[in-house]
Amino acid sequence: MASPPHHSTMNNKTWTQTILLSFQIVGVVYGQLSTAPLYVFSTMRSEDLDSQEVVYELFSFIFWTLTTISFIKYALIVLKADDNQEGGTFALYSLLCRNAKVGLLPCDRTANQVMLLEDTTTPPSKINFDSRARRAIEKHKFCHYLILFLALFGSCMTIGAAVLTPALSVLSASYGVERSLSELSHLFTSSQHTRNSVSNALQKYVPVPAACVILIGLFVLQPCGTRKIGFMFAPIIAVWLFFVGVVGVYNIIRWDVEILYKISPLYLIKFMRNLDVSRWRLLGSAILCAAGSEAMFAGLGHFSKKSIKITFICLIYPLLVICYAGQAAFISKNLKTDNFNHLSQSVPSHSKHLFIVVSLLSSAVGSQATITACFSIINQCLALNCFPRVKVVHTSKTIHGQVYIPDVNWLLMIFSLTVTIGFRDMVKIGNATSLAIVSGMLVTTSLMSLVIALYWEKNLLISACFLLCFGVVEVAYLSACMLQFHRGAWYLVVLLIVSMTVMLSWHYGTVKKYEFDLQNKVSTEWLIDVSPGLGISRVAGIGFIYTDIVTGIPAFFSHFITNLPAFHQVLIMVSFKSMAVPHVPESERDTNDFEEKIIRAIGEFISIEHVTDIESMVSPDERMIIVGNSSDGNALVPLMNESSKQVSTINEAQVSPIAMDDNDHTLSASSSKSCKKRKKVRFMLPPASSVPKMDESVKKELLELIDARESGSAYFLGQSHLVVRGGSNYLKIFLIMVYRFFEKNGREPPVALKIPHAALVEVGMMCTI
């Protein structure tokens, strides 16, 4: 069979490609960071900004937050911890699952090595490394649940940010439009009463409706894909960045040149020395300056690490520092002015209307980073069975991380509109957004410290230092955000409960169903030994049995034959594994000849059986991999065990389940794709001239295989239904109810979408847990 498409290798991008990606990144990844100046100071209560010293101290906090969290933590450290070019909390969890036994879902590593074509050059030290910390974490089940909870919690915070950030950024710009229109209306009337009436009407009817229209437009554009959105949005964010950078320089020169000296850590000490509740509460808004840092990591699958890092260091970071410095300089000298803490007030009057237009456009696209990150996170959750089945659309043929999820997109739009219409208040939405951002950062810090110790294999002291250095800062910000819990932050808890319930219930149901299959599977020997005693009949033809387990006979098929004692002459167990590639070339697809290739592989196995010591090629867990090449008809039969690192390349239809014919021979076959349309291909034995010494027993078996093929094929698909055992607790009952709801109303299993309905046999089975 032909070799599969290789994963996109981001590290080999040319400088031209890197620059091109860097341009797209500005509009996709850094939109949130770039538009944060719209709401960092404006979400602070103006009465709390009562002196120049407070403004200087807050500017120092903003500078060091950008430097320590966005620059050092994410750009320099966390971006290195990618999982096959994917980022986010679930990427960290996936690394831990593969390199430390902390995953709760049983996993067959040999199958994963074949399907995912893992790097065969991994040094033995990476595999055999053991430590006291690793043993302790692997031993205690509580640690496994805790790590999973952290990963799910962090994912929920990313989803929460994807709901809240669009509402916050768009609403902040809409209020700027309302203030600009109010100022224009004052030019046409001198009556104070009329001015007040117009201002009240504009405040009531402009910000929220305008924000809703922009939000709908933003989510409607998502099906275009990351690449097109990047090219559309990048010029807007680039213009915005240079505009606020120029305004920042203007404000620094005009109002306070010495503001740049206020980045001194001494101002942090002054702030802490004079700490009270009102000052501590201001930090909840200050952390918004780092909004988008987590999205920088979570959206890693859409771009390369090099392009993300170069863009941040050379463009985003310096311009944002200048912008915040200029805004702080303006605020420090205009504390008595109305709305002095809004960015629009610091813009020169002759450029104010231009600012309104640019800010409105940039705020609309600025939240793209969190939406993109949300798609990436949910795509990773799907791979680890932590989210109900939804349609995932790959929008790029070369970068497998660029995805769009329609169902999630529309749900995000609905929730964002609900937040905008329900709160109608930037401060409340900002409080909830701050809590989501800092909570996600804290989860990343916790998981990253484990990655440093268990995956990077660094000293535990280094891991502890990372956790303490960044964890202490983020816990401080978290405590400041909790002071605003009653003023909007509670909504994040509602989003958390909803999303966490969905994820936990799906993962719990999937684990229980998989455990049931593992506990109730039977060996091929059972089928061979028991079938004569049960009076089971053999039916001419081939039976394809689709199963999630890689070895053994699935429970639903043993349930089937005990109730209907008959099965086909040849049985092939087919297990499906997803491959992390967005597109398969037409020449490498098995849409028409999937069945043909499996039959040919079985024939190759039979033909070499008489010249090869089959018993010596059976691994301890009875796994055998057949890898064939359809172009020349020659098959390779390597033994795939835990110590073997040589993996042959195969097509997207990969051979690795269990097949059995009349003579009780076993082999394996698994596929990552079934066929959409099958063409009937007939087989015959090769001419005697090409195979002059074919053994008679081999010829007989091949003829039996041909006859079975001619008799037709059937496809068996198990439909397991979870049933809660009587006397179970209410939590278990609730989780299974939610799981069954999404299983019934969600997307069909991918295998079911490809099987011909005329030949499909669905076997229902109740799984009591």
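Rule-based calculations on the coordinates, nothing more; no lab input. Just so it is clear, the model here is predicted, and its values are computed rather than measured. When we count neighbours, we look across all protein chains shown, and the Cβ atoms used for this are built from the backbone with ideal geometry, even at glycine.
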Segment ASP695-VAL494, extension gain: residue separation times 0.36 nm, minus the distance between their alpha carbons: 65.4 nm
Under-28-angstrom lysine pairs by C-alpha in region 226-313, whenever the two are 8 or more apart or on separate chains: 5
Most to least packed among 450-459, 279-288 [average Cβ atoms within 10 Å]: 279-288, 450-459
Whole-Å distance, taken between Cα centres, linking region 243-296 and region 370-397: 36 Å
Quote the FRET efficiency, to the nearest 0.05, computed for LEU335 versus VAL723 with a Förster distance R0 of 60 Å and r equal to the Cβ-Cβ distance. 0.35
Förster-model FRET efficiency, 35 Å R0, ASP48 and THR194, C-beta, rounded to 0.05: 0.55
Stretchable slack from VAL249 to HIS140, in nm (0.36 nm times residue separation minus alpha-carbon distance): 33.7 nm
Determine the gain in length on full extension of the stretch LEU703-CYS469; use 0.36 nm per residue of separation and subtract their C-alpha separation, reporting nm with one decimal. 77.2 nm
